[in-house]
1. Kirkwood Rh over Cα pairs of segment 186-232 into Stokes-Einstein at 25 °C, 0.890 mPa s: D in µm²/s?
2. Applying 1/(1 + (r/R0)^6) with R0 = 51 Å to the Cβ-Cβ distance of ARG153 and SER268, what FRET efficiency is obtained, to the nearest 0.05?
3. How high is the relative contact order of segment 186-232, in percent, counting Cα pairs under 8 Å that sit 6 or more residues apart?
4. Once the convex hull of the C-alpha atoms of segment 242-294 is built, how many Å³ does it hold per residue, rounded to a whole number?
5. Based on Cα positions only, what radius of gyration and what Dmax would you give for segment 1-87, in angstroms?
6. Based on the Cβ-Cβ distance from GLU225 to ILE200, what FRET efficiency comes out when R0 is 25 Å, to the nearest 0.05?
7. Taking the Cβ of each residue in HIS46, HIS168 as the centre, tally the other Cβ atoms inside 10 Å and list the residues starting with the fewest.
8. Just need the relative contact order of segment 242-294 here, percent rounded to a whole number, with Cα pairs under 8 Å and 6+ apart.
Amino acid sequence: MSKNIAESTFREVSLEKGFFVLKFQNNSNKTEIYKRDIDSSYIQLHYCVKGNCKFHFNNNSYTFNVLDKHSIFLYNPQQELPINLEILPKTSLVSVIISIEKFHALFSKEASYIPFLSDNNKNKKYYDNTEIKANTLIVLQQILTSKNHSSIRNLYIKGKIYELLSLHFDNGENTNDEYCPFLVDDRDVLKIRKAKDIIILNMSEPPSLQELANEVGLNLKKLKEGFKQIYGDTVYSFLFDYKMEHARKLLESNQLNVNEVGLQVGYSTSSHFIAAFKKKFGTTPKQYVISLQND
């Protein structure tokens, strides 16, 4: 099942009985709401690949705020945990919903190091909030961007979900770096994250790709392909989105005029900034400010 609302996309992929995946991509400027009944026999894993989302429970008396590149794990055999979800603007989320019966079948041999599967804990509720590992993030990006034909896509996603689960519960004893042919080891991941920090810090005058590669100590090919694997976009497309989002927040603060905001994000002429902003958000900076005042 899939649904498109303006710039928001939601897709549900049923893998087999008691096992399905939800994919959310909210590229709009509005918060999207998603609700669904989930009974107590299901485990929920929610991965916030980008942005921010909020899970409300017990009639909104308790909220899990899932931050950028973090995941939450939910299981409570004593109480139903229906999904009541706020997906904030510019947020991508992957949710894996799997019955405890199916999960036991997958991980019966690994129960010794998965805490909630131990004999002492198997009937207890379990919650976990962790940062998404770099190798896991790559798989999540592949799941979000899969565009295969329907039947092939579902098979592809199923394989990726198995890979996702194995990475999530890997105890680290047999880890290797084969998850990505371009990211030889965790040091390369750190270098690519450093590259991201450099272009953000110098967004008004970013270095060339070759200069960036030299600065972080990677060859150009590894930088380009590794960056795409981790962040799901090219270096400069990522920077463009970041600059436009930063510009939008500056406009909302109402402390700078349009020309000043444009200069802050690296546009020497207001016309170029206006064109870029309109390309991203479908409206000019001035019209955006007016709409905020009207609201």
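1. Reported coefficient: 235 µm²/s.
2. 0.70
3. Relative contact order of segment 186-232: 41 percent.
4. It comes to 61 Å³ per residue, whole-number rounded.
5. 13.1, 39
6. Once the sixth-power term is evaluated, E becomes 0.80.
7. Fewest-to-most ranking of HIS46, HIS168: HIS168, HIS46.
8. Value for segment 242-294: 31 percent.
Values in this text are rule-based calculations from the coordinates and carry no lab data. Remember, it's a predicted structure, so these values are computed and weren't measured experimentally. A quick note on method: Cβ atoms are made from the backbone with ideal geometry, for glycine too, and the neighbour counts reach across all protein chains shown.
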